[in-house]
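Asks: Quick one: this structure, given as structure tokens, is what I'll be asking you about.
The values are calculated or read from the model by the stated rules, or taken from the named source; none is laboratory data. Being a predicted model, the structure only gives us computed values, none of them experimental. Cβ placement follows ideal geometry from the backbone for every residue including glycine, while neighbour counts extend to all protein chains displayed. For accessibility, only protein heavy atoms count, side chains too; no ligands or nucleic acids. Shrake-Rupley method; radii C 1.70, N 1.55, O 1.52, S 1.80 Å.
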Amino acid sequence: MFVVGLTGGIGSGKSTVAELFREHGIFVIDADDVSREVVEPGEPALEAIREHFGDAILQQDATLDRAALRQRVFSDDSERQWLEALLHPRIAERLKHYLAEADSPYQMLVSPLLLETDQYRLCQHIVVVDVSNETQIQRTMSRDANDRAQVERIIAAQMPREERLRAAGNVIDNDQPLERVRDEVAGLHQHLLAMAAEVSGDTLS
């Protein structure tokens with residue numbers, strides 16, 4: 001199994017780039033999707049959250065009130081740390097399961113917190129989707145209807161761009177037209193195929 005981690009700051013276009021890899025037949029799992037999955041009704045993590053925060057943290061249909069939870073954990077570091085200690089191991093185990101079941105030549109794990117958590121340990125190679133700070137701001141303002149100050153606070157709370165780039169095995173410049181990004185992904189895909197084949201001891205036909 002050769003797992004490629006794909007990460008980048010908010011508004012960098014990770015989902016767009018991940019979809020381009022899917023077009024090449026690569027299995028892609030998004031940690032954000034799994035983080036929602038582990039707190040669905042019936043999951044042990046949701047019951048633990050309810051016991052800790054009370055029934056007010058649930059919506060009328062018994063699903064998690066994400067907005068209420070965010071408000072609680074981002075106003076209290078100890079609560080955020082409690083939640084991360086609960087969820088991160090469960091997310092990691094679910095990710096391992098999905099990656100192990102995949103049958104593409106290599107697998108891709110997409111995560112905004114890849115380098116900030118132990119998720120990077122699941123990967124043999126790191127790809128960073130990179131854009132300018134101003135592009136991050138403009139894209140996120142358009143997508144999430146947040147004001148500039150709010151987006152700047154989110155960016156400031158994330159891993160610095162320079163640190164993220166230092167951790168990259170490859171960088172995809174997403175500050176260019178989609179067709180050029182598509183070509184960049186196609187070239188990187190061939191490189192990753194070769195890396196995966198070398199690790200597995202196979203040869204490319």
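Asks: Give, as a single signed number, the net charge of other residues whose beta carbon lies under 11 Å from the beta carbon of Val3, with Lys and Arg counted +1 and Asp and Glu -1.
Replies: Here the charged neighbours net out to +2.
Asks: Sort 134-145, 156-167 for me by packing, meaning the mean count of neighbouring Cβ atoms within 10 Å per residue, highest on top. Could the numbers behind the result be given before it?
Replies: On the way: 134-145: 14.9, 156-167: 12.9.
Final packing ranking: 134-145, 156-167.
Asks: With springs only between Cα atoms under 10 Å, which of Ile126, Ile26, Ile154 fluctuates most in a Gaussian network model of the chain?
Replies: Ile154
Asks: Which angle from 0 to 90°, rounded to the nearest 10, does the C-alpha axis of helix 77-101 make with the longest principal axis of the chain?
Replies: 40 degrees
Asks: Next question. May I ask you to derive the FRET efficiency for Asp32 and Ser75 from their Cβ-Cβ distance with R0 = 25 Å, giving the value to the nearest 0.05?
Replies: With R0 = 25 Å, the Cβ-Cβ based efficiency is 0.70.
Asks: Per the 1.4 Å probe, what fraction of the accessible area of the stretch 61-205, in percent, lies on carbon and sulfur atoms?
Replies: On the way: 4160 of 8500 Å².
The nonpolar share, carbon plus sulfur, comes to 49 percent.
Asks: Could you tell me the center-to-center distance, by alpha carbons, between the stretch 1-45 and the stretch 173-190 in angstrom?
Replies: Computed from Cα coordinates, the inter-centre distance equals 19 Å.
Asks: Sticking with this one: What is the magnitude of the charge dipole of the stretch 1-55 about its Cα centre, with +1 placed on the Cβ of each Lys and Arg, -1 on the Cβ of each Asp and Glu, and no other charges, expressed in debye to the nearest 20? Spell out each step's value before the answer.
Replies: Numbers: 4 positive and 11 negative charges, 64 e Å.
In debye, rounded to 20, the stretch 1-55 gives about 300.
Asks: Hey, got the dipole for the chain? About the Cα centre, +1 on K and R Cβ, -1 on D and E Cβ, debye to the nearest 20?
Replies: My answer is approximately 280 debye.
Asks: Counting only heavy atoms of protein chains, what accessible area per residue, in Å², does the chain have with a probe of 1.4 Å?
Replies: I get 54 Å² per residue for this part.
Asks: Still on this structure, please answer the following. Can you tell me the relative contact order of the chain? Whole percent, Cα pairs under 8 Å, sequence separation 6 or more. Kindly include the intermediate steps, with their values, before the conclusion.
Replies: Values: 252 pairs, mean separation 75.8, N = 205.
This gives 37 percent for the chain.
Asks: Can you give the local net charge around Val34? Use residues other than it whose beta-carbon is closer than 10 angstrom to its beta-carbon, Lys and Arg +1, Asp and Glu -1.
Replies: Here the count lands on -2.
Asks: Please give the helix 148-157 orientation as an angle from the longest Cα principal axis of the chain, in degrees from 0 to 90, rounded to the nearest 10.
Replies: Between helix and principal axis, roughly 80 degrees.
Asks: Now, a different point. From the Cα gyration tensor of the stretch 63-197, with a ≥ b ≥ c the square roots of its eigenvalues, which class applies: rounded if a/c is under 1.5, or else prolate if a/b is larger than b/c, or else oblate?
Replies: Since a/c reaches 1.5 but b/c is at least a/b, the shape of the stretch 63-197 is classed as oblate.
Asks: Further question on the same structure: With point charges of +1 on the Cβ of Lys and Arg and -1 on the Cβ of Asp and Glu, referenced to the Cα centre of the chain, which listed residue (Met159, Gln124, His189) lies farthest in the positive direction of the dipole?
Replies: Farthest along the dipole direction, towards plus: Met159.
Asks: Net charge around Asp61, counting only other residues with Cβ within less than 14 Å of its Cβ (Lys, Arg = +1; Asp, Glu = -1)? Intermediate values should be presented prior to the final figure.
Replies: Working: positive: Arg50, Arg66; negative: Glu40, Asp55, Asp65.
Net charge around Asp61: -1.
Asks: Nearest 5 is fine: what % of DSSP beta bridges in the chain come out antiparallel, could you say? Write out the running numbers ahead of the final one.
Replies: Numbers: 1 of 17 bridges.
So the antiparallel bridges in the chain amount to around 5 percent.
Asks: Would you work out the charge dipole size for the stretch 31-117 about its Cα centre, treating the Cβ of every Lys and Arg as +1 and the Cβ of every Asp and Glu as -1, and quote it to the nearest 20 debye?
Replies: It comes to approximately 140 debye.
Asks: Calculate how steeply helix 178-200 sits against the longest principal axis of the alpha-carbon atoms of the chain, using the helix alpha-carbon long axis, and give the answer as 0 to 90 degrees to the nearest 10.
Replies: Tilt relative to the chain: about 80 degrees.
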